[in-house]
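What follows is a single structure, written as C-alpha coordinates, with notes after it.
The values are calculated or read from the model by the stated rules, or taken from the named source; none is laboratory data. Remember, it's a predicted structure, so these values are computed and weren't measured experimentally. Positions of Cβ are generated from backbone atoms using ideal geometry, with glycine treated the same way; all protein chains shown enter the neighbour counts. Heads up: the accessible areas ignore ligands, DNA and RNA and are worked out on the full protein's heavy atoms, side chains in. Shrake-Rupley method; radii C 1.70, N 1.55, O 1.52, S 1.80 Å.
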Amino acid sequence: MSRVFLAGAGPGNPDLLTVRALRLLQISTVILHDSLVSEEILALANPAAQLIDVGKRCGRHSATQDEICALLVQEALASDGIVLRLKGGDPMIFGRATEEMQALEAAGIAYEIVPGITAALAASASLKRSLTQRLVSRAVHFVAGHAADGSIPGHDFAALAQKGGTLAVYMGAQSFGGFAAHLVEGGLDPATPALAIENVSRPDERIINSTAGSLPGALREAGEGPVLILVGDALAKRHPASLLAEAFA
Ligand SMILES: C[S@@+](CC[C@H](N)C(=O)[O-])C[C@H]1O[C@@H](n2cnc3c(N)ncnc32)[C@H](O)[C@@H]1O
(Lines give C-alpha, C1' and ligand atoms only; values in the text may rest on other atoms or scores of the structure.)
Protein backbone atom coordinates (compact mmCIF):
# COMPACT_ATOMS: atom_id res chain seq x y z
CA MET A 1 0.00 0.00 0.00
CA SER A 2 1.09 3.59 -0.61
CA ARG A 3 2.28 6.01 2.03
CA VAL A 4 0.24 9.21 2.27
CA PHE A 5 1.48 12.64 3.37
CA LEU A 6 -0.71 15.70 3.93
CA ALA A 7 1.79 18.50 3.52
CA GLY A 8 1.83 22.28 3.58
CA ALA A 9 3.46 24.04 0.63
CA GLY A 10 3.72 27.39 2.40
CA PRO A 11 2.50 30.68 0.90
CA GLY A 12 3.83 30.18 -2.62
CA ASN A 13 7.51 31.05 -2.78
CA PRO A 14 9.45 27.78 -3.22
CA ASP A 15 12.10 29.05 -0.80
CA LEU A 16 9.49 28.80 1.92
CA LEU A 17 8.86 25.09 1.47
CA THR A 18 10.13 22.94 4.29
CA VAL A 19 12.99 20.59 3.40
CA ARG A 20 10.63 17.69 4.16
CA ALA A 21 7.95 18.95 1.78
CA LEU A 22 10.59 19.45 -0.94
CA ARG A 23 11.89 15.90 -0.46
CA LEU A 24 8.37 14.52 -0.69
CA LEU A 25 7.68 16.52 -3.86
CA GLN A 26 10.76 14.95 -5.41
CA ILE A 27 9.87 11.34 -4.58
CA SER A 28 6.07 11.24 -4.70
CA THR A 29 4.35 9.27 -7.42
CA VAL A 30 0.95 10.98 -7.09
CA ILE A 31 0.46 14.61 -6.03
CA LEU A 32 -3.00 16.00 -5.34
CA HIS A 33 -2.67 19.76 -4.98
CA ASP A 34 -5.01 22.65 -4.51
CA SER A 35 -4.94 25.92 -6.44
CA LEU A 36 -3.01 27.85 -3.78
CA VAL A 37 0.07 25.74 -4.55
CA SER A 38 2.17 27.81 -6.96
CA GLU A 39 3.44 26.73 -10.37
CA GLU A 40 7.03 27.30 -9.14
CA ILE A 41 6.50 24.71 -6.42
CA LEU A 42 4.85 22.19 -8.74
CA ALA A 43 7.84 22.57 -11.07
CA LEU A 44 9.97 20.96 -8.34
CA ALA A 45 7.92 17.76 -8.39
CA ASN A 46 9.21 14.39 -9.48
CA PRO A 47 8.86 14.57 -13.30
CA ALA A 48 7.33 11.09 -13.27
CA ALA A 49 4.67 12.03 -10.72
CA GLN A 50 1.02 12.22 -11.66
CA LEU A 51 -0.17 15.74 -10.75
CA ILE A 52 -3.85 16.06 -9.93
CA ASP A 53 -5.24 19.59 -9.54
CA VAL A 54 -8.20 19.44 -7.21
CA GLY A 55 -8.40 23.19 -7.76
CA LYS A 56 -10.02 24.24 -4.57
CA ARG A 57 -9.97 27.95 -3.96
CA CYS A 58 -12.16 29.61 -1.32
CA GLY A 59 -15.53 30.38 -2.87
CA ARG A 60 -14.60 28.69 -6.16
CA HIS A 61 -14.65 24.97 -5.58
CA SER A 62 -13.89 22.92 -8.61
CA ALA A 63 -14.10 19.68 -6.60
CA THR A 64 -16.16 19.30 -3.45
CA GLN A 65 -14.41 18.32 -0.24
CA ASP A 66 -16.17 14.92 -0.36
CA GLU A 67 -14.85 14.37 -3.88
CA ILE A 68 -11.33 15.31 -2.80
CA CYS A 69 -11.48 12.90 0.15
CA ALA A 70 -12.78 10.11 -2.09
CA LEU A 71 -10.06 10.76 -4.69
CA LEU A 72 -7.34 10.80 -2.05
CA VAL A 73 -8.47 7.44 -0.69
CA GLN A 74 -8.83 6.01 -4.21
CA GLU A 75 -5.31 7.12 -5.21
CA ALA A 76 -3.83 5.83 -1.97
CA LEU A 77 -5.44 2.40 -2.45
CA ALA A 78 -4.41 2.21 -6.10
CA SER A 79 -0.79 3.26 -5.63
CA ASP A 80 2.13 1.52 -3.98
CA GLY A 81 4.30 4.66 -4.01
CA ILE A 82 4.08 7.94 -2.13
CA VAL A 83 0.85 9.95 -2.41
CA LEU A 84 1.29 13.61 -1.53
CA ARG A 85 -1.71 15.76 -0.69
CA LEU A 86 -0.21 19.23 -1.02
CA LYS A 87 -2.04 22.23 0.37
CA GLY A 88 -1.28 25.95 0.49
CA GLY A 89 0.23 27.28 3.72
CA ASP A 90 -0.16 24.84 6.59
CA PRO A 91 -2.55 21.89 6.17
CA MET A 92 -3.95 22.31 9.69
CA ILE A 93 -4.92 25.98 9.33
CA PHE A 94 -8.17 26.39 7.36
CA GLY A 95 -7.01 23.47 5.24
CA ARG A 96 -9.88 20.97 5.68
CA ALA A 97 -7.27 18.50 6.92
CA THR A 98 -9.68 16.97 9.44
CA GLU A 99 -12.02 15.65 6.75
CA GLU A 100 -9.11 14.17 4.81
CA MET A 101 -7.56 12.54 7.88
CA GLN A 102 -10.95 11.06 8.80
CA ALA A 103 -11.41 9.68 5.27
CA LEU A 104 -7.95 8.08 5.36
CA GLU A 105 -8.55 6.63 8.82
CA ALA A 106 -11.93 5.23 7.78
CA ALA A 107 -10.22 3.46 4.88
CA GLY A 108 -7.45 2.15 7.14
CA ILE A 109 -4.75 4.16 5.34
CA ALA A 110 -1.76 5.40 7.34
CA TYR A 111 -0.69 9.00 6.84
CA GLU A 112 1.68 11.66 8.16
CA ILE A 113 1.28 15.44 8.40
CA VAL A 114 4.00 17.84 7.23
CA PRO A 115 3.56 21.41 8.47
CA GLY A 116 3.95 24.43 6.23
CA ILE A 117 4.34 28.16 6.74
CA THR A 118 0.87 29.58 7.11
CA ALA A 119 -0.07 32.82 5.32
CA ALA A 120 -0.23 34.92 8.51
CA LEU A 121 3.34 34.09 9.48
CA ALA A 122 4.66 34.69 5.98
CA ALA A 123 2.79 38.02 5.92
CA SER A 124 4.30 39.04 9.23
CA ALA A 125 7.78 38.35 7.81
CA SER A 126 7.10 40.24 4.57
CA LEU A 127 5.78 43.23 6.51
CA LYS A 128 8.60 43.10 9.06
CA ARG A 129 5.99 43.51 11.77
CA SER A 130 5.67 41.10 14.65
CA LEU A 131 2.22 39.70 15.40
CA THR A 132 3.04 39.67 19.08
CA GLN A 133 4.68 42.59 20.79
CA ARG A 134 5.65 43.14 24.36
CA LEU A 135 3.01 45.25 26.13
CA VAL A 136 0.98 45.68 22.92
CA SER A 137 -0.09 42.26 21.63
CA ARG A 138 -0.07 39.14 23.76
CA ALA A 139 -2.29 36.98 21.57
CA VAL A 140 -2.83 36.11 17.93
CA HIS A 141 -6.21 34.92 16.65
CA PHE A 142 -6.42 33.07 13.36
CA VAL A 143 -9.98 33.75 12.20
CA ALA A 144 -12.06 32.90 9.15
CA GLY A 145 -13.42 35.95 7.34
CA HIS A 146 -16.43 34.17 5.96
CA ALA A 147 -18.57 31.19 6.88
CA ALA A 148 -19.24 28.17 4.65
CA ASP A 149 -22.24 29.94 3.06
CA GLY A 150 -20.23 33.14 2.44
CA SER A 151 -21.82 35.06 5.33
CA ILE A 152 -19.91 36.69 8.19
CA PRO A 153 -19.05 33.97 10.76
CA GLY A 154 -20.66 34.19 14.18
CA HIS A 155 -17.48 35.09 16.01
CA ASP A 156 -17.57 36.74 19.43
CA PHE A 157 -16.61 40.09 17.88
CA ALA A 158 -16.43 41.89 21.23
CA ALA A 159 -13.81 39.35 22.34
CA LEU A 160 -11.89 39.69 19.07
CA ALA A 161 -12.05 43.49 19.32
CA GLN A 162 -10.34 43.59 22.69
CA LYS A 163 -7.03 45.40 22.83
CA GLY A 164 -3.88 43.41 23.31
CA GLY A 165 -4.06 41.02 20.39
CA THR A 166 -3.60 40.68 16.64
CA LEU A 167 -6.18 39.24 14.27
CA ALA A 168 -5.11 37.27 11.23
CA VAL A 169 -8.17 37.08 9.01
CA TYR A 170 -8.13 34.33 6.36
CA MET A 171 -10.57 34.27 3.44
CA GLY A 172 -11.77 37.73 4.42
CA ALA A 173 -11.19 39.98 1.40
CA GLN A 174 -14.76 39.78 0.06
CA SER A 175 -16.53 40.13 3.37
CA PHE A 176 -14.23 42.47 5.27
CA GLY A 177 -16.69 45.40 5.13
CA GLY A 178 -19.21 43.56 7.29
CA PHE A 179 -16.48 41.88 9.33
CA ALA A 180 -14.87 45.23 10.25
CA ALA A 181 -18.28 46.74 11.07
CA HIS A 182 -18.88 43.91 13.57
CA LEU A 183 -15.43 44.51 15.10
CA VAL A 184 -16.13 48.24 15.50
CA GLU A 185 -19.55 47.47 17.04
CA GLY A 186 -17.67 45.13 19.38
CA GLY A 187 -15.45 48.01 20.52
CA LEU A 188 -12.51 48.07 18.10
CA ASP A 189 -11.16 51.55 17.38
CA PRO A 190 -11.64 52.10 13.61
CA ALA A 191 -8.20 53.74 13.60
CA THR A 192 -6.56 50.42 14.56
CA PRO A 193 -3.88 49.51 11.99
CA ALA A 194 -5.11 46.98 9.42
CA LEU A 195 -3.16 45.62 6.49
CA ALA A 196 -4.13 43.39 3.61
CA ILE A 197 -1.38 41.38 1.92
CA GLU A 198 -2.16 39.76 -1.39
CA ASN A 199 -0.03 36.94 -2.84
CA VAL A 200 2.28 36.87 0.18
CA SER A 201 5.86 35.83 -0.67
CA ARG A 202 5.18 35.72 -4.41
CA PRO A 203 6.68 38.06 -7.03
CA ASP A 204 3.31 39.85 -7.31
CA GLU A 205 2.93 40.39 -3.55
CA ARG A 206 0.96 43.54 -2.80
CA ILE A 207 0.46 45.32 0.52
CA ILE A 208 -2.46 47.59 1.37
CA ASN A 209 -1.65 49.59 4.47
CA SER A 210 -4.75 50.98 6.14
CA THR A 211 -6.92 51.03 9.23
CA ALA A 212 -9.79 48.80 10.31
CA GLY A 213 -12.26 51.53 9.35
CA SER A 214 -10.78 52.27 5.93
CA LEU A 215 -9.52 48.87 4.79
CA PRO A 216 -12.89 47.70 3.36
CA GLY A 217 -12.76 50.57 0.82
CA ALA A 218 -9.02 50.19 0.21
CA LEU A 219 -9.53 46.48 -0.55
CA ARG A 220 -11.06 47.48 -3.87
CA GLU A 221 -7.42 47.75 -5.02
CA ALA A 222 -6.89 44.04 -4.36
CA GLY A 223 -6.69 41.68 -7.32
CA GLU A 224 -7.63 38.05 -7.78
CA GLY A 225 -4.90 36.53 -5.58
CA PRO A 226 -5.33 35.21 -2.03
CA VAL A 227 -5.48 38.00 0.56
CA LEU A 228 -4.56 37.82 4.22
CA ILE A 229 -5.74 40.61 6.53
CA LEU A 230 -3.96 41.57 9.75
CA VAL A 231 -5.55 43.87 12.33
CA GLY A 232 -4.06 45.14 15.57
CA ASP A 233 -1.96 47.76 17.31
CA ALA A 234 1.18 45.63 16.97
CA LEU A 235 1.06 46.34 13.24
CA ALA A 236 1.67 50.07 13.70
CA LYS A 237 5.07 50.89 12.36
CA ARG A 238 5.93 52.86 15.43
CA HIS A 239 4.05 52.64 18.65
CA PRO A 240 3.05 56.03 19.94
CA ALA A 241 4.06 56.75 23.49
CA SER A 242 0.36 56.98 24.39
CA LEU A 243 -0.13 53.35 23.34
CA LEU A 244 2.66 52.18 25.62
CA ALA A 245 1.38 54.39 28.42
CA GLU A 246 -2.05 52.83 27.99
CA ALA A 247 -0.52 49.36 28.11
CA PHE A 248 1.24 50.20 31.39
CA ALA A 249 -1.90 51.73 32.96
C1 LIG B 1 -8.51 28.04 2.60
S2 LIG B 1 -7.46 29.18 3.34
C3 LIG B 1 -5.98 28.22 3.39
C4 LIG B 1 -4.96 28.71 4.37
C5 LIG B 1 -3.67 27.93 4.32
N6 LIG B 1 -3.85 26.59 4.77
C7 LIG B 1 -2.57 28.60 5.15
O8 LIG B 1 -2.15 28.03 6.18
O9 LIG B 1 -2.12 29.69 4.79
C10 LIG B 1 -7.14 30.33 2.08
C11 LIG B 1 -6.81 31.71 2.62
O12 LIG B 1 -5.48 31.72 3.11
C13 LIG B 1 -4.90 32.98 2.90
N14 LIG B 1 -3.72 32.79 2.04
C15 LIG B 1 -3.19 31.63 1.67
N16 LIG B 1 -2.07 31.82 0.93
C17 LIG B 1 -1.91 33.16 0.84
C18 LIG B 1 -0.95 33.99 0.21
N19 LIG B 1 0.09 33.51 -0.48
N20 LIG B 1 -1.11 35.34 0.32
C21 LIG B 1 -2.13 35.86 1.03
N22 LIG B 1 -3.07 35.11 1.64
C23 LIG B 1 -2.96 33.78 1.55
C24 LIG B 1 -5.97 33.86 2.25
O25 LIG B 1 -6.67 34.53 3.27
C26 LIG B 1 -6.84 32.82 1.59
O27 LIG B 1 -8.15 33.32 1.38
**OP:** Go through Leu22, Gly165, Ala119 and say which Cα lies farthest out towards the positive end of the charge dipole of the chain; charges sit on Cβ, +1 for Lys and Arg, -1 for Asp and Glu.
**Re:** Gly165
Subject >> Gain upon complete extension [Ala48, Ser214; 0.36 nm per residue less C-alpha separation] >> reply: 54.9 nm
Original post:
Per Stokes-Einstein, at 4 °C and 1.567 mPa s, what whole-number D in µm² s⁻¹ belongs to the stretch 123-237, with the Kirkwood radius over Cα pairs as the hydrodynamic radius?
Top reply: 93 µm²/s
Original post:
Given DSSP loops and a limit of at most 11 other Cβ atoms within 10 Å, what is the longest stretch of the chain that contains no such trypsin sites (Lys or Arg not before Pro)?
Top reply: 1-127
Subject >> Under Karplus coefficients 6.51, -1.76 and 1.60, residue-wise ³J(HN,Hα) of the stretch 101-106 in Hz, glycine/proline x >> reply: 5, 5, 5, 5, 5, 4
**OP:** Would you grab the residues whose amide H sits under 5 Å from the one on Ser79? Only those 5+ places off in sequence or on another chain, please, with H modelled 1.01 Å from N.
**Re:** Ser2
**OP:** Under a 10 Å cutoff between Cα atoms, tell me which one of Gly164, Gly154, Gly187 has the largest fluctuation in the Gaussian network model of the chain.
**Re:** Gly154
Original post:
What distance in nm separates the simple spin-label points at Ala159 and Val19, each placed 7 Å from Cα in the Cβ direction?
Top reply: 4.0 nm
Subject >> Mean ellipticity per residue at 222 nm, deg cm²/dmol - from DSSP H runs of n ≥ 4 across the chain, formula -39500 (n - 2.57) >> reply: -8000 deg cm²/dmol
Subject >> Pairwise label distance in nanometres, Asp189 with Thr64, each label 7 Å out on the Cα-Cβ vector >> reply: 4.8 nm
Original post:
Can you list, bin by bin at 10 Å, the percent of alpha carbon pairs in the chain, starting at 0?
Top reply: 7, 30, 31, 20, 10, 2, 0
Original post:
Separation of the stretch 187-221 and the stretch 16-43 by C-alpha centroid, Å?
Top reply: 29 Å
**OP:** Starting from the Cα-Cα distance between Ala125 and Glu99, subtract it from 0.36 nm times their residue separation and give me the gain in nm to one decimal.
**Re:** 6.3 nm
**OP:** Please calculate how many Å² of accessible area the chain carries per residue, with a 1.4 Å probe and no DNA, RNA or ligand atoms counted.
**Re:** 48 Å²
Subject >> Computed E for Asp149/Ser35 - FRET, C-beta separation, R0 22 angstrom, nearest 0.05 >> reply: 0.60
